[in-house]
Structure formats: C-alpha cells, structure tokens
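Throughout, read-outs are computed from the coordinates displayed, never taken from laboratory work. Remember, it's a predicted structure, so these values are computed and weren't measured experimentally. Note that each Cβ is placed from the backbone with ideal geometry, even for glycine, and that neighbours are counted across all protein chains shown.
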Amino acid sequence: MSLAKPWRDLDRSTVGSAPNRYGLYELGDDGKETVGFGTGVLRDELKEALAYGDATRVRWVVADSEAHAERLLAEHVEE
C-alpha cells in the first residue's frame with residue numbers, strides 16, 4: 001500500500017531536504033507508480049537511490065527509530 005504523502009521529484013534538492021533520520025520511503029517512476037520501498041536514514045538512502053536507481057519520484061515518513069521504520073515497512077508490505 002502506498003504512503004499517504006504527496007510525491008516529490010527525486011533530485012538533489014529533495015535529497016538535501018530529506019531529514020537525517022530513520023524512516024520509510026517509497027520510490028516511484030514518472031507515471032507515479034511505486035517501484036519499491038525501503039528503510040534507513042532517509043538522506044543517505046535517497047542519495048543512493050538518486051545515484052544508482054531508476055526512480056524519479058519519492059515520498060517518505062519519518063520514524064522514531066530503525067525498529068519503528070521496519071515496523072512501518074512491514075505494515076505497508078502486508079496491506
């Protein structure tokens with residue numbers, strides 16, 4: 001199930017504005033279709049997605065901890 005957040009362009013500006021905190025992120029393509037989910041320190045994860053991935057859009061939810069981010073991912077994958 002997709003995150004209930006607006007899509008942002010996955011570019012350097014967006015990566016720079018991402019919090020340096022754990023979270024769940026969703027990557028999307030130009031058609032705003034989901035291409036994957038991930039967890040980790042958002043700024044670091046999005047830097048990597050920008051450099052090596054095919055996604056062009058992103059949205060995220062900040063988590064309180066790594067364990068919280070993993071629970072959020074499990075909830076979204078189950079649905």
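Per-structure values
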| read-out | value |
| --- | --- |
| Point-to-point label distance, Arg43-Met1, nm (Cα→Cβ direction, 7 Å offset) | 3.1 nm |
| Estimated translational D of the chain in µm²/s (Stokes, Kirkwood radius over Cα pairs; 37 °C; 0.692 mPa s) | 269 µm²/s |
| Phi-based couplings in Hz for the range 57-62 (Karplus 6.51, -1.76, 1.60; Gly and Pro marked x) | 9, 8, 8, 8, 10, 6 |
| Percent RCO, i.e. relative contact order, over the chain, from Cα pairs under 8 Å lying at least 6 residues apart | 40 percent |
| For Arg21, residues with placed amide H under 5 Å, excluding near neighbours | Leu42, Arg43 |
| Backbone HN-Hα couplings from phi across the range 37-51 [Karplus 6.51/-1.76/1.60, Hz, Gly and Pro as x] | 10, x, 10, x, 6, 3, 4, 5, 5, 6, 4, 5, 4, 5, 6 |
| Charge context of Ser65, other residues only, Cβ under 10 angstrom, K/R +1, D/E -1 | -1 |
| Listed residues Arg59, Arg12, Arg43, most fluctuating in the chain (Gaussian network, C-alpha, under 10 Å) | Arg12 |
